Amino acid sequence: MRHVADIPHPAVKITLLAWNGKFLLKLEQGNLEQTYKVAELDLLTGTDAEVRELLDEAFLAAAIARFQDMRADLQAAFERHELR
C-alpha cells in the first residue's frame, strides 16, 4: 500500500492511499473510520487528481453526517449491553 497524500480538512483526517489498482480514500474522525475504494479503471485518467475531485463539499458533508450516525449507533450498542 502506497501513501499518496494527506488532504487537509478541519473536521476529518483524510488520507489518500493507492493499492492494487485502487485508490483508497480514508476518512477518520476520532475513533471512527470510513474507507472508500475507487478503482483506477472507474476514472477517466486513473490519477489521484481525479479522486481528489470526489472530495467536494456535498460528499464531505454527507461523510461528516455519517460519522455522527456511526457514533450514535455505537453509543446505542454500548447502552443496550450496559457497557457504558
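The values are calculated or read from the model by the stated rules, or taken from the named source; none is laboratory data. Given the structure is predicted, the values throughout are model-derived calculations rather than measurements. As a convention, Cβ positions derive from the backbone with ideal geometry for all residues, glycine included, and neighbour counts pool all protein chains shown. Accessible surface areas use protein heavy atoms only, side chains included; no ligands, DNA or RNA. Shrake-Rupley method; radii C 1.70, N 1.55, O 1.52, S 1.80 Å.
Of all residues being touching a helix residue (DSSP H, G or I) at 6+ places or on another chain (Cβ under 6 Å) and under 20 Å from Leu41 (Cβ atoms) in the range 17-30, which is least open to solvent (accessible area, probe 1.4 Å)? Just the residue, please.
Ranking the qualifying residues of the range 17-30, first place goes to Phe23.
List every residue pair whose Cβ atoms lie under 9 Å apart, where the two residues are 6 or more positions apart in sequence or sit on different chains, the first residue falls within the range 38-53 and is modelled with pLDDT under 95, and the second residue, located anywhere, is crowded, with 16+ Cβ neighbours inside 10 Å and of a type in the set (Asp, Glu).
Gly46/Glu40; Thr47/Glu40
Residue by residue through the range 31-50, note down the ones that are more than 12 Å from the chain's Cα centre (by Cα) and either exposed (fewer than 10 other Cβ atoms within 10 Å of the Cβ) or closer than 18 Å to Pro8 by Cβ (or both).
Asn31, Leu41, Leu44, Thr45, Asp48, Ala49
Could you tell me whether the range 52-60 includes any residue that is part of a loop (DSSP other than H, G, I, E, B), surrounded by 11 or more Cβ atoms within 10 Å (Cβ to Cβ) and under 14 Å from the mean Cα position of the chain (by Cα)?
yes
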